[in-house]
Amino acid sequence: MQVAEKERMPRLSLGEERNMVTQLLLLNITVFILLFFIKIIYQMENTGLAAFERDILNNTRFPADPMVLLTKPWTLLTAMFAHTGFWDVFSNMVWLFCFGTLLQQIGGFRLIVPLYVMGSLCGMAFYLGGMNLVPALQTGVAGSSITGAGAGVMAIAIGLTTLAPRSRVFPLLLKGGVPVWVITAIFLALHATDIYSSGSYAATGLFLLGGAFMGFMFIAQYKKGRNWGAPVNKVIFSAGHIFHPKEQKEILREEYLEPSSTAAAAPFQKIGAVPEHKLNELLDKISAQGMHSLTPEEKDTLLRASKEKESAEDF
(Lines give C-alpha, C1' and ligand atoms only; values in the text may rest on other atoms or scores of the structure.)
Protein backbone atom coordinates (compact mmCIF):
# COMPACT_ATOMS: atom_id res chain seq x y z
CA MET A 1 0.00 0.00 0.00
CA GLN A 2 1.46 3.32 -1.04
CA VAL A 3 1.26 6.19 1.45
CA ALA A 4 1.17 9.79 0.25
CA GLU A 5 3.24 11.89 2.63
CA LYS A 6 1.17 15.01 2.16
CA GLU A 7 -1.96 13.19 3.31
CA ARG A 8 -0.46 11.97 6.58
CA MET A 9 -2.43 12.83 9.68
CA PRO A 10 -0.23 15.03 11.89
CA ARG A 11 0.60 13.89 15.39
CA LEU A 12 -0.11 16.15 18.34
CA SER A 13 2.52 18.89 18.31
CA LEU A 14 2.61 22.65 18.37
CA GLY A 15 2.16 24.31 15.00
CA GLU A 16 0.41 21.46 13.18
CA GLU A 17 -2.23 23.23 11.13
CA ARG A 18 -4.45 20.18 10.70
CA ASN A 19 -4.32 19.19 14.36
CA MET A 20 -7.47 20.85 15.62
CA VAL A 21 -6.97 19.59 19.17
CA THR A 22 -3.72 21.53 19.39
CA GLN A 23 -5.38 24.65 18.02
CA LEU A 24 -8.18 24.50 20.60
CA LEU A 25 -5.71 23.89 23.42
CA LEU A 26 -3.61 26.87 22.39
CA LEU A 27 -6.63 29.13 22.02
CA ASN A 28 -8.06 28.26 25.43
CA ILE A 29 -4.71 28.59 27.20
CA THR A 30 -3.95 31.88 25.43
CA VAL A 31 -7.29 33.39 26.51
CA PHE A 32 -6.71 32.20 30.08
CA ILE A 33 -3.24 33.79 30.19
CA LEU A 34 -4.59 37.00 28.66
CA LEU A 35 -7.35 37.27 31.27
CA PHE A 36 -4.84 36.49 34.02
CA PHE A 37 -2.51 39.33 32.99
CA ILE A 38 -5.40 41.77 32.58
CA LYS A 39 -6.46 40.88 36.13
CA ILE A 40 -2.93 41.60 37.37
CA ILE A 41 -2.92 44.96 35.61
CA TYR A 42 -6.21 45.89 37.27
CA GLN A 43 -4.73 44.99 40.65
CA MET A 44 -1.55 46.97 39.99
CA GLU A 45 -3.61 50.01 39.03
CA ASN A 46 -5.52 49.72 42.30
CA THR A 47 -8.84 49.54 40.47
CA GLY A 48 -9.65 46.26 42.19
CA LEU A 49 -11.22 42.95 41.26
CA ALA A 50 -14.68 44.50 41.20
CA ALA A 51 -13.66 46.69 38.26
CA PHE A 52 -12.09 43.68 36.51
CA GLU A 53 -15.32 41.76 36.98
CA ARG A 54 -17.40 44.67 35.67
CA ASP A 55 -15.25 45.67 32.71
CA ILE A 56 -13.85 42.33 31.50
CA LEU A 57 -15.62 39.27 32.85
CA ASN A 58 -19.13 40.68 32.46
CA ASN A 59 -18.33 41.19 28.78
CA THR A 60 -16.84 37.71 28.39
CA ARG A 61 -19.23 35.37 30.20
CA PHE A 62 -22.49 34.12 28.69
CA PRO A 63 -25.40 35.75 30.58
CA ALA A 64 -28.53 33.96 31.72
CA ASP A 65 -30.66 37.05 31.05
CA PRO A 66 -31.84 37.14 27.38
CA MET A 67 -32.04 40.94 27.40
CA VAL A 68 -28.41 41.20 28.50
CA LEU A 69 -27.45 38.68 25.82
CA LEU A 70 -29.03 40.88 23.15
CA THR A 71 -26.64 43.68 24.14
CA LYS A 72 -23.62 41.33 24.29
CA PRO A 73 -24.00 38.77 21.47
CA TRP A 74 -20.23 38.28 21.24
CA THR A 75 -20.34 36.34 24.51
CA LEU A 76 -21.62 33.39 22.47
CA LEU A 77 -18.05 33.11 21.19
CA THR A 78 -15.94 34.44 24.05
CA ALA A 79 -17.58 32.34 26.76
CA MET A 80 -16.59 29.01 25.19
CA PHE A 81 -12.87 29.83 25.43
CA ALA A 82 -12.66 31.84 28.65
CA HIS A 83 -11.51 30.46 32.02
CA THR A 84 -10.63 32.36 35.17
CA GLY A 85 -9.53 29.51 37.46
CA PHE A 86 -6.34 27.50 37.00
CA TRP A 87 -7.79 24.13 37.97
CA ASP A 88 -10.83 24.78 35.79
CA VAL A 89 -8.77 25.36 32.64
CA PHE A 90 -6.30 22.60 33.60
CA SER A 91 -8.96 19.90 33.96
CA ASN A 92 -10.81 20.98 30.82
CA MET A 93 -7.62 20.98 28.76
CA VAL A 94 -6.53 17.56 30.03
CA TRP A 95 -9.86 16.04 29.05
CA LEU A 96 -9.87 17.93 25.76
CA PHE A 97 -6.44 16.50 25.00
CA CYS A 98 -7.50 12.95 25.88
CA PHE A 99 -10.87 12.76 24.18
CA GLY A 100 -9.99 15.13 21.33
CA THR A 101 -6.85 13.21 20.36
CA LEU A 102 -8.72 9.90 20.30
CA LEU A 103 -11.60 11.35 18.28
CA GLN A 104 -9.16 12.96 15.86
CA GLN A 105 -7.40 9.64 15.33
CA ILE A 106 -10.63 7.71 14.79
CA GLY A 107 -12.85 10.20 12.96
CA GLY A 108 -10.42 12.75 11.53
CA PHE A 109 -9.55 16.34 12.34
CA ARG A 110 -12.66 17.79 10.67
CA LEU A 111 -14.91 16.67 13.53
CA ILE A 112 -13.09 18.40 16.39
CA VAL A 113 -13.88 22.11 16.04
CA PRO A 114 -17.52 21.68 14.90
CA LEU A 115 -18.22 19.40 17.86
CA TYR A 116 -16.54 21.81 20.28
CA VAL A 117 -18.31 24.90 18.92
CA MET A 118 -21.74 23.33 18.46
CA GLY A 119 -21.51 21.57 21.82
CA SER A 120 -20.67 24.86 23.53
CA LEU A 121 -23.53 26.67 21.81
CA CYS A 122 -25.98 23.90 22.66
CA GLY A 123 -24.79 24.02 26.27
CA MET A 124 -25.45 27.75 26.35
CA ALA A 125 -28.91 27.19 24.84
CA PHE A 126 -29.76 24.60 27.52
CA TYR A 127 -28.44 26.94 30.20
CA LEU A 128 -30.38 29.94 28.88
CA GLY A 129 -33.59 27.97 28.41
CA GLY A 130 -33.43 26.22 31.77
CA MET A 131 -32.65 29.35 33.75
CA ASN A 132 -35.56 31.23 32.18
CA LEU A 133 -38.18 28.50 31.78
CA VAL A 134 -37.84 26.48 34.98
CA PRO A 135 -39.75 28.40 37.71
CA ALA A 136 -37.37 27.35 40.48
CA LEU A 137 -34.41 28.83 38.58
CA GLN A 138 -35.95 32.09 37.36
CA THR A 139 -35.07 33.94 40.55
CA GLY A 140 -31.37 33.44 39.83
CA VAL A 141 -31.39 34.79 36.27
CA ALA A 142 -30.33 38.33 37.13
CA GLY A 143 -26.58 38.54 37.32
CA SER A 144 -26.01 34.86 36.51
CA SER A 145 -23.57 33.84 33.79
CA ILE A 146 -21.45 30.92 32.70
CA THR A 147 -18.14 30.40 30.92
CA GLY A 148 -15.58 27.76 30.04
CA ALA A 149 -14.92 24.86 27.69
CA GLY A 150 -16.98 22.38 29.72
CA ALA A 151 -19.82 21.91 27.24
CA GLY A 152 -17.49 21.72 24.25
CA VAL A 153 -15.30 19.10 25.92
CA MET A 154 -18.42 17.19 27.00
CA ALA A 155 -19.64 17.15 23.38
CA ILE A 156 -16.31 15.72 22.21
CA ALA A 157 -16.31 13.09 24.99
CA ILE A 158 -19.86 11.91 24.29
CA GLY A 159 -19.25 12.14 20.54
CA LEU A 160 -16.21 9.88 20.79
CA THR A 161 -18.11 7.39 22.95
CA THR A 162 -21.01 7.35 20.49
CA LEU A 163 -18.64 6.88 17.54
CA ALA A 164 -16.37 4.17 18.93
CA PRO A 165 -17.33 3.06 22.47
CA ARG A 166 -15.30 -0.15 22.30
CA SER A 167 -12.05 1.39 21.09
CA ARG A 168 -9.32 0.75 23.63
CA VAL A 169 -6.60 2.96 25.11
CA PHE A 170 -3.69 2.47 27.53
CA PRO A 171 -2.70 -1.03 26.32
CA LEU A 172 0.36 -0.98 28.62
CA LEU A 173 -1.80 -0.21 31.65
CA LEU A 174 -4.19 -3.11 31.16
CA LYS A 175 -3.97 -6.12 28.87
CA GLY A 176 -5.99 -5.31 25.78
CA GLY A 177 -6.42 -1.70 26.86
CA VAL A 178 -9.25 0.21 28.54
CA PRO A 179 -12.49 0.73 26.56
CA VAL A 180 -13.37 4.33 25.75
CA TRP A 181 -16.74 4.01 27.45
CA VAL A 182 -14.99 3.27 30.76
CA ILE A 183 -12.91 6.47 30.48
CA THR A 184 -16.09 8.41 29.67
CA ALA A 185 -17.85 6.91 32.70
CA ILE A 186 -14.98 8.10 34.93
CA PHE A 187 -15.15 11.52 33.26
CA LEU A 188 -18.89 11.81 33.94
CA ALA A 189 -18.52 10.61 37.53
CA LEU A 190 -15.85 13.22 38.26
CA HIS A 191 -18.02 15.95 36.78
CA ALA A 192 -21.04 14.81 38.80
CA THR A 193 -18.95 14.87 41.99
CA ASP A 194 -17.62 18.34 41.18
CA ILE A 195 -21.10 19.71 40.46
CA TYR A 196 -22.45 18.22 43.69
CA SER A 197 -19.61 19.57 45.81
CA SER A 198 -19.80 23.06 44.29
CA GLY A 199 -23.55 23.31 44.71
CA SER A 200 -24.05 24.77 41.21
CA TYR A 201 -26.36 21.99 40.11
CA ALA A 202 -28.56 23.99 37.78
CA ALA A 203 -26.13 26.21 35.89
CA THR A 204 -23.27 23.76 35.36
CA GLY A 205 -25.59 20.79 34.97
CA LEU A 206 -27.63 22.44 32.21
CA PHE A 207 -24.47 23.65 30.47
CA LEU A 208 -22.88 20.20 30.40
CA LEU A 209 -26.14 18.46 29.54
CA GLY A 210 -26.47 20.60 26.43
CA GLY A 211 -22.95 19.67 25.37
CA ALA A 212 -23.64 15.97 25.92
CA PHE A 213 -26.87 16.16 23.93
CA MET A 214 -25.13 17.80 20.97
CA GLY A 215 -22.24 15.33 21.09
CA PHE A 216 -24.62 12.39 20.84
CA MET A 217 -26.85 13.92 18.16
CA PHE A 218 -23.92 15.16 16.06
CA ILE A 219 -22.23 11.75 15.86
CA ALA A 220 -25.51 9.85 15.52
CA GLN A 221 -26.25 11.90 12.41
CA TYR A 222 -22.65 11.63 11.22
CA LYS A 223 -22.86 7.84 11.27
CA LYS A 224 -25.95 8.12 9.07
CA GLY A 225 -24.05 10.21 6.52
CA ARG A 226 -25.20 13.67 7.65
CA ASN A 227 -22.28 15.90 8.61
CA TRP A 228 -23.59 18.79 10.69
CA GLY A 229 -20.07 20.13 11.03
CA ALA A 230 -19.47 20.89 7.35
CA PRO A 231 -20.94 24.45 7.52
CA VAL A 232 -18.84 25.23 10.62
CA ASN A 233 -15.68 24.06 8.87
CA LYS A 234 -16.53 26.18 5.83
CA VAL A 235 -16.99 29.31 7.95
CA ILE A 236 -13.72 28.70 9.80
CA PHE A 237 -11.88 27.98 6.56
CA SER A 238 -13.21 31.14 4.89
CA ALA A 239 -12.26 33.28 7.89
CA GLY A 240 -8.81 31.77 8.21
CA HIS A 241 -7.91 32.00 4.51
CA ILE A 242 -9.60 35.24 3.57
CA PHE A 243 -6.34 36.83 2.37
CA HIS A 244 -4.97 33.79 0.51
CA PRO A 245 -4.75 33.91 -3.31
CA LYS A 246 -7.67 32.24 -5.06
CA GLU A 247 -5.56 29.43 -6.56
CA GLN A 248 -3.96 28.58 -3.22
CA LYS A 249 -7.30 28.76 -1.46
CA GLU A 250 -8.79 26.18 -3.86
CA ILE A 251 -5.93 23.76 -3.18
CA LEU A 252 -6.32 24.17 0.58
CA ARG A 253 -10.08 23.83 0.31
CA GLU A 254 -9.76 20.33 -1.15
CA GLU A 255 -7.39 19.36 1.67
CA TYR A 256 -9.25 20.75 4.68
CA LEU A 257 -12.94 20.62 3.76
CA GLU A 258 -15.18 17.65 3.16
CA PRO A 259 -15.66 16.59 -0.49
CA SER A 260 -18.56 18.44 -2.10
CA SER A 261 -20.01 15.29 -3.65
CA THR A 262 -22.18 13.09 -1.45
CA ALA A 263 -20.65 9.71 -0.80
CA ALA A 264 -22.76 6.63 -1.23
CA ALA A 265 -21.83 5.33 2.20
CA ALA A 266 -22.09 7.02 5.57
CA PRO A 267 -18.80 8.47 6.88
CA PHE A 268 -18.41 5.92 9.65
CA GLN A 269 -20.17 2.85 8.30
CA LYS A 270 -17.93 -0.20 8.12
CA ILE A 271 -18.31 -0.35 4.35
CA GLY A 272 -16.88 1.65 1.52
CA ALA A 273 -13.49 3.29 1.14
CA VAL A 274 -11.16 3.64 4.10
CA PRO A 275 -10.05 7.30 4.56
CA GLU A 276 -6.42 7.84 3.57
CA HIS A 277 -5.50 9.56 6.84
CA LYS A 278 -6.96 6.64 8.85
CA LEU A 279 -4.95 4.13 6.84
CA ASN A 280 -1.78 6.16 7.34
CA GLU A 281 -2.36 6.23 11.10
CA LEU A 282 -2.79 2.46 11.23
CA LEU A 283 0.43 1.94 9.30
CA ASP A 284 2.25 4.32 11.64
CA LYS A 285 0.87 2.48 14.68
CA ILE A 286 1.95 -0.90 13.32
CA SER A 287 5.41 0.45 12.57
CA ALA A 288 5.79 1.89 16.08
CA GLN A 289 4.01 -0.71 18.25
CA GLY A 290 3.48 -3.81 16.14
CA MET A 291 0.43 -5.54 14.70
CA HIS A 292 -0.70 -6.71 18.15
CA SER A 293 -1.36 -3.11 19.22
CA LEU A 294 -4.35 -2.77 16.85
CA THR A 295 -7.86 -2.95 18.27
CA PRO A 296 -10.43 -5.28 16.65
CA GLU A 297 -12.00 -2.29 14.89
CA GLU A 298 -8.62 -1.15 13.56
CA LYS A 299 -7.81 -4.65 12.31
CA ASP A 300 -11.15 -4.72 10.51
CA THR A 301 -10.38 -1.34 8.93
CA LEU A 302 -6.97 -2.58 7.75
CA LEU A 303 -8.54 -5.72 6.31
CA ARG A 304 -11.10 -3.69 4.38
CA ALA A 305 -8.35 -1.45 3.03
CA SER A 306 -6.40 -4.48 1.79
CA LYS A 307 -9.49 -5.91 0.07
CA GLU A 308 -10.22 -2.56 -1.59
CA LYS A 309 -6.64 -2.40 -2.89
CA GLU A 310 -6.91 -5.93 -4.31
CA SER A 311 -10.22 -5.07 -5.99
CA ALA A 312 -8.69 -1.93 -7.54
CA GLU A 313 -5.73 -3.93 -8.90
CA ASP A 314 -8.09 -6.47 -10.50
CA PHE A 315 -9.53 -3.68 -12.61
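Do we have Phe237 as of a type in the set (Phe, Trp, Tyr), assigned to a helix (DSSP H, G or I) and more than 14 Å from Ile156 (Cα to Cα) here? It is true that Phe237 is of a type in the set (Phe, Trp, Tyr), assigned to a helix (DSSP H, G or I) and more than 14 Å from Ile156 (Cα to Cα). Restricting attention to segment 55-76, report how many residues are surrounded by 19 or more Cβ atoms within 10 Å (Cβ to Cβ) and in a helix (DSSP H, G or I). Matching residues across segment 55-76 total 1.
Of all residues in segment 28-54, which are under 20 Å from the mean Cα position of the chain (by Cα) and surrounded by fewer than 15 Cβ atoms within 10 Å (Cβ to Cβ)?
The one that is under 20 Å from the mean Cα position of the chain (by Cα) and surrounded by fewer than 15 Cβ atoms within 10 Å (Cβ to Cβ): Thr30.
Based on this model, can you work out whether Met67 counts as closer than 20 Å to Thr184 by Cβ and either of a type in the set (D, E, K, R) or in the same structural domain as Gly152 (by TED's automatic domain parsing) (or both)? Considered against the rule, which asks whether it is closer than 20 Å to Thr184 by Cβ and either of a type in the set (D, E, K, R) or in the same structural domain as Gly152 (by TED's automatic domain parsing) (or both), Met67 comes out as no. Residue check: Gly148 meets all listed conditions (1) touching a strand residue (DSSP E or B) at 6+ places or on another chain (Cβ under 8 Å); (2) not in a helix (DSSP H, G or I) but one, namely (1).
Quick grid of which residues meet (1) surrounded by fewer than 18 Cβ atoms within 10 Å (Cβ to Cβ); (2) farther than 22 Å from Asn28 by Cα:
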residue	(1), (2)
Thr78	yes, no
Ile112	no, no
Ser120	no, no
Met124	no, no
Asn132	yes, yes
Ala151	no, no
Gly177	yes, yes
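The values are calculated or read from the model by the stated rules, or taken from the named source; none is laboratory data. Small disclaimer: the values here were computed from a predicted structure and weren't measured. When we count neighbours, we look across all protein chains shown, and the Cβ atoms used for this are built from the backbone with ideal geometry, even at glycine.
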